[in-house]
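Only one structure is covered here, and it is reproduced in the block below.
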Amino acid sequence: MKLCRFDDGRLGLVEPGQVRDVTAALDVLPAYRYPLPPFDPLIANLDAVIARVRTVASHAPAVPLRSITLLSPVANPGKIVCAPVNYQKHLDEVRDNAALHHHNTATMAPIHTAGLFLKATSSLVGPGQGIALRKVDRRNDHEVELAVVIGRQASDVEAKDGYGHVAGYAIGLDITIRGPEERSLRKSPDSYAVLGPWLVTADEIPNPGALDLRISVNGDLRQSSNTKYLILGVPELIAYASSFYTLNPGDVIITGTPEGVSPIQPGDVITACIEQIGTMEVKVRAAGGVG
Ligand code: MN
């Protein structure tokens with residue numbers, strides 16, 4: 001099943017060219033009170049929501065995909081976990097280019113040494129909301145990545161059990177200001193994490209380790225690879241991350257970007273595509289509304 005969030009927080013069942021408005025299915029969610037739980041309520045109750053979606057879908061109104069504003073399919077992730085250098089060819093291009101590594105040894109090491117980092121959850125948007133660039137006098141880059149949404153709490157999980165903790169997959173964009181500062185700062189401005197176009201439930205993608213992924217800017221292909229080149233695959237990343245901290249339902253892992261990162265500017269239109277997930281278009285503007 002493909003589920004999207006759109007417009008003012010509505011829930012959509014994605015069909016070819018259109019979306020069924022199944023917002024009524026959210027009625028199955030428990031009412032949480034303060035203090036709120038450390039997970040995303042929709043993802044934590046995804047099985048119940050999906051069951052209700054199936055019963056309401058046939059009577060749900062359909063709206064054309066192109067008429068809606070797509071939001072992040074996960075509204076409230078507890079954390080956005082990121083793999084910095086998880087494709088060998090991207091590691092090679094970072095090592096060869098001072099504009100990418102800024103002599104920061106952490107960005108030049110393989111993932112087993114460099115570990116993982118976090119983007120601020122406040123950086124998260126959906127494709128319809130666009131990217132608002134800050135520091136436009138500096139280099140801002142796109143990174144296209146397979147995103148994994150955690151469905152079941154994971155702590156010290158072995159890789160062989162990793163898939164059992166996955167709710168589904170989406171496309172992730174890890175937008176990055178290049179420079180000497182901490183990654184968590186340079187990659188966390190508002191809108192610098194794009195998740196979309198929707199959540200594809202894990203049952204539809206039995207092997208996320210063999211998916212073509214690509215991104216183009218204004219029609220020019222910039223990155224094109226396959227998740228078979230991931231150094232640490234999805235279950236290995238879940239094992240690695242959960243050896244340091246608990247992963248909760250709704251937590252997002254973006255799995256790293258292949259070679260070909262390149263600058264983006266206000267006015268650009270990004271098109272990102274991952275096989276078996278879909279395609280999303282994201283507009284780039286300058287923060288503050290200019291561009
Ligand atoms: Mn990245």
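Numbers at a glance
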item: For a label point 7 Å along the Cα-to-beta-carbon line of Arg139, residues of segment 232-269 with backbone N under 15 Å; result: 259-265
item: Student exercise, segment 80-286 dipole from Lys, Arg, Asp, Glu Cβ charges, in Debye to nearest 20; result: 540 debye
item: Virtual paramagnetic centre 7 Å along Cα→Cβ of Ala106, amide N under 11 Å, in segment 226-265; result: none
item: Radius ratio Rg over Rh of segment 2-71, counting only Cα atoms, Kirkwood formula for Rh; result: 1.00
item: Equivalent ellipsoid, segment 211-291 (semi-axes from 5 times Cα gyration tensor eigenvalues, Å); result: 28, 17, 11
item: GNM top mover of Lys187, Lys228, Lys160 - the chain, alpha-carbon springs below 10 Å; result: Lys160
item: Sorted peptide list for 116-128, 167-179, criterion being average Cβ within 10 angstrom, highest first; result: 167-179, 116-128
item: Exceeding the 26 Å Cα-Cα cut-off - candidates Lys2/Lys89; Lys2/Lys135; Lys160/Lys187; Lys119/Lys283; result: Lys2/Lys89; Lys2/Lys135; Lys160/Lys187
item: Segment 218-289-segment 1-76 distance, computed between alpha-carbon centres (Å); result: 22 Å
item: Extreme residue, positive dipole direction of the chain, given options Pro37, Ile254, Gly128 (C-beta unit charges); result: Gly128
item: Label-point separation, Phe244 to Ala286 (7 Å along Cα→Cβ), nm; result: 3.6 nm
item: The chain: radius of gyration over Cα atoms, expressed as a fraction of 2.2 N^0.38 Å; result: 0.96
item: Gyration tensor (alpha-carbon) shape descriptor, segment 71-203, a/c threshold 1.5; result: oblate
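Every read-out reported here was derived from the displayed coordinates using simple, explicitly stated rules and does not represent laboratory data. All values reported here derive from a predicted model rather than from experimental measurement. All Cβ positions, even for glycine, are placed from backbone atoms using ideal geometry, and neighbour counts span all protein chains on display.
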